[in-house]
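The next block holds one structure in the form of structure tokens; read it before the comments.
The values are calculated or read from the model by the stated rules, or taken from the named source; none is laboratory data. None of the values given here were measured: they were computed from a predicted structure. Here the Cβ positions follow ideal geometry from the backbone for every residue, glycine too, while neighbour counts run over all protein chains shown.
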Amino acid sequence: MASMVLNSPQAVRMSVFVVKAFIAMRSLLVTQQGLAKKLAELERSLTERLDTHEHAITDIIHRRTLECDESIVPRIICSEGFV
């Protein structure tokens, strides 16, 4: 810690502050496990929903591309006199 190197009262106070901060973080993590589980569940649910939407959008784009290939492209070729 800083107090080992600097050997000043302020460095000692900062080292104690850092240790207390880590202790507070650890106790917060222990007491908030239920919240962490809920957040993980929510993230999983949203990911599944987004995956479903992504597949639907990709399917729509694919279908629309096939429609364009069959209906628009032949008309363009015909109007230019290639067919």
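Can you give me the ranges of the helices (runs of 4 or more DSSP H) entirely in the chain with at least 2 residues that are among the small types (Gly, Ala, Ser) and modelled with pLDDT of 85 or more?
On the way: elements: 2-6, 9-31, 33-79.
Helices (runs of 4 or more DSSP H) meeting the threshold: 9-31, 33-79.
With the requirement that a residue be surrounded by 10 or more Cβ atoms within 10 Å (Cβ to Cβ) and small (Gly, Ala, Ser), what does segment 4-54 give you?
Once the filter is applied, which keeps residues that are surrounded by 10 or more Cβ atoms within 10 Å (Cβ to Cβ) and small (Gly, Ala, Ser), segment 4-54 yields 8, 11, 15, 21, 24, 27, 36, 40, 45.
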